[in-house]
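Notes follow the structure.
The numbers here are math on the coordinates, done by the rules we state, and not lab data. What you see is a predicted model, and the numbers here were worked out from it, not measured in a lab. Positions of Cβ are generated from backbone atoms using ideal geometry, with glycine treated the same way; all protein chains shown enter the neighbour counts.
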Amino acid sequence: MTTDRRPDPVTRVLTFLTERAVSLHAAAVLRIGYGLLYLAFLLREFTHREEIWGPGSPWTPDLARELLGQTGEFSLLTLSDSGAWFEACYALAVLTSALFALGWHTRAVSVLFAVVVTSFDGRAVFMTDGGDNLIVLMALYLTLTACGRHWSLDARRARLRRGETRPGALSGWRQQAALVRSRLAALVHNCGMFVIAAQVCVLYGSAGLYKVQGGLWRDGTALHYVLHLDLFRPWPALSQLADDHSLILAVSAYLTVLVQVAFPFALFSRLKYVTLALLLSMHAGIAVLLGLPVFSGAMIIADAVFLPDHLLLRLARAARLLRRRAATASSPFVPLPAQPTSGAPDIRPLRDSR
């Protein structure tokens with residue numbers, strides 16, 4: 001009589017972590033999102049780059065080096081006080097962000113992107129906010145992931161190579177080396193994605209618990225006072241309009257605390273999509289009403305780690321279908337030619353050749 005012996009929990013966990021890389025499309029969304037977000041941030045601050053990170057900034061390179069020496073951090077921008085070196089670093093940051101979003105040699109570029117982000121963050125640390133800190137963390141975590149497997153130039157190059165490679169081209173020790181490499185890559189990727197998910201859960205959970213301790217959040221007036229801070233009033237008329245609806249502000253304050261505290265627990269049920277939708281609305285409101293688009297964008301992109309691949313693929317197919325329909329609807333046509341006097345009329349429209 002034989003009995004089926006199931007693998008022990010440790011073996012099952014290791015098998016799950018090494019057999020297949022999970023959430024590859026979500027990792028691609030994180031790569032594209034943070035690459036484009038940081039690129040937009042650098043282009044937006046291009047005219048103010050000297051005041052923020054340049055050698056003539058009020059926070060001088062010497063002060064930055066002193067602080068970085070105390071914290072043990074590193075910044076490319078403090079290696080030289082030359083203006084030419086600063087401009088070269090800025091150009092490198094713009095180029096790296098674009099290549100990272102495109103997924104060109106992602107493994108190497110992801111490391112360079114992390115170096116660039118941490119360098120600019122460390123150079124002007126007193127001008128950063130929670131969004132900048134989150135981007136730094138995500139840039140470091142994404143170096144561990146296979147975020148270039150899909151929706152990237154690397155993926156396109158890999159498809160072309162697969163078409164050119166003959167079956168059975170690898171044999172012997174090369175096959176074993178390829179298997180070990182794929183297992184190790186899957187393990188590192190999965191651990192990186194789990195760390196990202198855990199980081200977002202800790203962020204939301206701690207933010208919600210911290211709000212619970214505040215009296216303004218308990219009595220529902222926190223948003224009222226935030227809307228009256230001059231630092232967070234990019235649109236004073238819009239802030240005043242929102243402040244006129246005190247009941248909606250109170251409900252929003254309570255709902256914000258509830259969703260943030262419940263978010264880590266809702267991930268194990270279908271309520272995950274409800275909480276993600278509420279958080280998306282909350283961050284959109286923060287971006288518009290409080291003037292914090294980088295923070296809101298960083299949080300919205302981080303939330304994508306919890307979206308399953310099949311949902312992202314569905315959304316991608318829907319986007320392609322809409323794009324094709326829009327292209328078809330906007331295609332120009334020339335007028336019909338005159339009907340021939342004899343024979344069957346040709347009623348097919350001619351596409352404009354211009």
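The figures follow:
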read-out	value
Spacing of the two label points (7 Å from each Cα toward its C-beta) at residue 315 and residue 127, in nm	3.2
Whole-Å semi-axes of the stretch 96-146's equivalent ellipsoid (Cα gyration tensor)	21, 11, 8
Relative contact order of the stretch 22-157, defined on C-alpha pairs under 8 angstrom at six or more residues apart (%)	37
DSSP-assigned coil residues among trypsin sites (Lys or Arg not before Pro) in the stretch 251-328, each with at most 16 further Cβ atoms within 10 Å	270
Volume of the Cα convex hull of the chain, divided per residue and given in Å³	323
D_trans [Stokes-Einstein, Kirkwood Rh over alpha-carbon pairs] for the stretch 222-287, 10 °C, 1.306 mPa s, µm² s⁻¹	123
Linear extension gain, residue 247 paired with residue 13, 0.36 nm per residue minus alpha-carbon span	79.4 nm
Among 288, 305, 115, residue whose mean-square fluctuation peaks in a GNM of the chain (springs only between Cα atoms under 10 Å)	288
Kirkwood Rh in Å, taken over all unlike Cα pairs in the stretch 22-157	15.2
Listed residues 36, 216, 315, most fluctuating in the chain (Gaussian network, C-alpha, under 10 Å)	315
Rg ratio (alpha-carbon, reference 2.2 N^0.38 Å) - the stretch 187-321	1.17
Calculated [θ] (222 nm, deg cm²/dmol) that DSSP helices of n ≥ 4 give over the chain, each run adding -39,500 (n - 2.57)	-22000 deg cm²/dmol
